[in-house]
Amino acid sequence: MALFVQKFGGTSVGSPERIRHVAKRVARFVAQGHKVVVVVSAMSGETNRLISLAKEVSPNPDPRELDVMVSTGEQVSIALVTMALMQLGLKARSYTGAQVRITTDSAFTRARILDIDQTNLRSDLDSGYVVVVAGFQGVDEHGNITTLGRGGSDTTGVAIAAALSADECQIYTDVDGVYTTDPRIVPEARRLSTITFEEMLELASLGSKVLQIRSVEFAGKYRVRLRVLSSFEEVGEGTLITFEEDANMEKAIISGIAFNRDEAKITLLGVPDRPGIAYQILGPIGDANIDVDMIVQNVSHDGLTDFSFTVHRNDFRKAMEILKGVDAHIKSRGVIGDDKIAKVSVVGVGMRSHAGIASTAFRTLAEEGINIQMISTSEIKISIVIDEKYTELAVRVLHKSFELEQPV
Ligand code: ADP
Ligand code: ASP
Ligand code: MG
C-alpha cells in the first residue's frame, strides 16, 4: 500500500465528463489499497477568464483582491471532483488551501509555501478518505488568501507530497510526459522516460510549462519522487524525474529545448565605460523589485559602450521608465526597448563533457538566417535571444539539428 499525491491540471478537469474520468482513475488506486491525496487546478480557461474579468473592472487589479478572485477557480474544481468520487461510492472530502492550512508568505499572486499543516490530511487519510485539495492557493499568517503564481498547482502537489512523505507525486496532464520540447510546436518531439532533476529545473526555469519551476525546486529540496503522466491515457509510465544518473538512464547529450516569449530587452546606448556603471543602471531596477535575466555589455569604443539586459515583459514599461531617468543621469545616448523577443534554450547535462554544442546551435540558426541578439551559457544550457517571430522555426531546426527525435 502506498500514498500517492495525484495532481490533475486544468484540461484534465475541464468538463464534467473529464472530472468523472479523474474520479474513476483515483478510484482504481483506492481499490488497490492505496491512499490518495488529489490536488486539482481550476477547470481549463477558468483562471484566464477570472483574470480578464478583473481587468475589465480595474486595469491594474489589486493583488490581494485578485487572489481572492482567482482562487475560486480551484474551489469549484475540488468540490466537483469530490462529488464525483462520492458518486462512485468513495469517502472523499475537499479542502481549500486555507482549510488545510497551507501557509504562505504574503506575496500576493506569487506567494511561496512556508508550511503545510498535516493534521486534517492525515486524519482523513487514516479514516479512509480521499482528500481533495485546491491547488495554487494558500493563506498567509494574517489569514489573507494567496496564490502561488501561474501553474502553481504543481507546486501544491509536490509540497503536499513532501509534507506527507508520499511515495510518489504524480502530475497528470494533457501530455503523457516530459518531451524533448513542447510537442505542440514540434510534433516529432520525443517523450523522455526519465530526466534528471537538474535538467528539469533548467527546462522549467527556461519556459517549459509542463512543470512549474517551484514544484521542481520543492521536489529537489525534499527528494520527492516526481512523475509526469497523461490523464487521458490509461497506460504509460510517463516521465520520472531522477536524482541520480543511473545505469538505465538515457545518455543523451542534450535532453531538451525550452523557449519563452515572456521577456523584453532594453538597451542603453552610448554608456560611459567606467567602474560602477552597471550598478548605476541595474541598481534602480533591482530597487524596483524587477528581476534581470540576461545582461550583455559591448566592448567600448571611444570610452562608450552599449548595455543591454532582459526583464519580464510585465516589468518592461516600468523598467523603461526607470531607465529614462538613469539615461539622463549618466548621460548616455538614449534607451531603446524591444518586447518582441524570445529566448530559446538548449539544455543537457551531457554538455559538461561535450564541446561544440554552442557552435552547432549557432550554425543551425545562421543557416536559417536567424540573427542572435544575446547569448548566455551555463554548464548545462545555452540560451539565445532572437526575434520573437522566429521562435517556432528556431525550436524546430535546433530540435532537428541535435537529432532529438531519435531514440538514444
Ligand atoms: P496543466 O493544465 O495540466 O497544468 P500545462 O498546460 O500547464 O498543463 O502544461 C502542459 C503543457 O506543457 C503541454 O500541453 C505542452 O504544450 C507544454 N509543454 C511545454 N514544454 C513541454 C515539454 N518539454 N514536454 C511536455 N510538455 C511541454
Ligand atoms: N489555475 C492556475 C493557473 O491556471 C494554477 C494551475 O493551473 O496550476 O495558472
Ligand atoms: Mg500547469
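Just so it is clear, none of the values below were taken in a lab; they were calculated from the coordinates. This structure is a prediction, so every number in the text was calculated from the model and none was measured. Using ideal geometry, Cβ is built from the backbone for each residue, glycine included, and neighbour counts are taken over all protein chains shown.
Hull surface divided by four, with the convex hull built on the Cα atoms of segment 14-53: how many nm²?
Values: hull surface 12.4 nm².
That works out to 3.1 nm².
The distance separating the Cα centre of segment 296-312 from that of segment 52-103 comes to 46 Å.
When the Cα positions of Gly45, Val397, Ser215 are compared along the charge dipole of the chain, Gly45 comes out farthest toward the positive end, with charges on each C-beta of Lys, Arg, Asp and Glu. Entry for segment 94-158 at q = 0.19 Å⁻¹: log10 I(q)/I(0) = -0.64, Debye formula applied to identical alpha-carbon scatterers, no solvent contribution. For Thr196, nonlocal amide neighbours, meaning residues 5 or more places apart or on other chains whose placed amide H falls under 5 Å from its own, are Thr242.
Ranked from largest, the principal axis spans of the Cα set of segment 214-302 equal 63, 30, 26 Å.
Taking 16 Å as the cut-off, the amide N atoms of segment 192-227 that come nearer than this to a point 7 Å along the Cα-to-beta-carbon line of Val408 belong to 192-203. In the chain, Cα pairs under 8 Å separated by at least six residues give a relative contact order of 13 percent.
Summarising the strand pairing of the chain, around 60 percent of its internal DSSP beta bridges are antiparallel. Relative to the compact-globule estimate of 2.2 N^0.38 Å, the Cα radius of gyration of segment 1-78 comes out at 1.36. When the alpha carbon gyration tensor of segment 270-309 is reduced to an equivalent ellipsoid, its three semi-axes come out at 20, 11, 6 angstrom, largest first. Sequence-distant contacts, meaning Cα pairs under 8 Å at least 6 residues apart, place the relative contact order of segment 116-162 at 31 percent.
Reported value for segment 1-139: 92 Å³ per residue, from the convex hull of its C-alpha atoms. Rounded to the nearest 10 degrees, the angle from helix 153-163 to the longest Cα principal axis of the chain is 60 degrees. Over segment 263-316, what relative contact order in percent results from Cα pairs under 8 Å that are six or more residues apart? 52 percent. The orientation-averaged projection of the convex hull spanning the C-alpha atoms of segment 251-408 amounts to 10.2 square nanometres. The angle between the Cα long axis of helix 277-287 and the main principal axis of the chain comes to about 30°, on a 0 to 90 degree scale. Site pair Ala278 and Val235 shows an inter-label distance of 5.5 nm when each label is modelled 7 Å from Cα along Cα→Cβ. When every alpha-carbon pair in segment 192-235 is counted, what percent end up more than 12 Å apart? Counting pairs separated by more than 12 Å, the tail of P(r) holds 62 percent.
With kT/(6 pi eta Rh) evaluated at 10 °C and eta = 1.306 mPa s, and Rh the Kirkwood radius from Cα pairs, segment 297-381 diffuses with a coefficient of 101 µm²/s according to Stokes-Einstein. Distance from the alpha carbon centroid of segment 335-408 to that of segment 217-288 works out to 14 angstrom. Dimensions of segment 36-75 based on its C-alpha atoms, expressed as ranges along the principal axes with the largest first, amount to 40, 19, 10 Å.
To the nearest whole percent, what portion of all C-alpha pairs in the chain is separated by more than 32 angstrom? Taking all Cα-Cα pairs of the chain, the fraction more than 32 Å apart is 42 percent. Between helix 46-57 and the chain, what is the angle of the helix's C-alpha long axis to the longest principal axis, kept within 0 to 90° and rounded to the nearest 10? With rounding to tens, the tilt is 60 degrees. In the structure shown, the pairs Lys209/Lys318; Lys7/Lys389; Lys24/Lys55 are assessed against 29 Å; a Cα-Cα span above that value is assigned to Lys7/Lys389; Lys24/Lys55. Of the peptides 261-268, 358-365, 213-220, the order by per-residue mean of other Cβ atoms within 10 Å, starting with the highest, comes out as 213-220, 261-268, 358-365.
Subtract the Cα-Cα distance of Arg261 and Met86 from 0.36 nm times their separation in residues, and report this length gain in nm to one decimal.
On the way: separation 175, 0.36 × 175 = 63.00 nm, distance 4.22 nm.
Taking Arg261 through Met86 to full extension adds about 58.8 nm, to one decimal.
Taking only alpha carbon atoms, segment 336-407 gives an Rg to Rh ratio of 0.97, where Rh is the Kirkwood radius.
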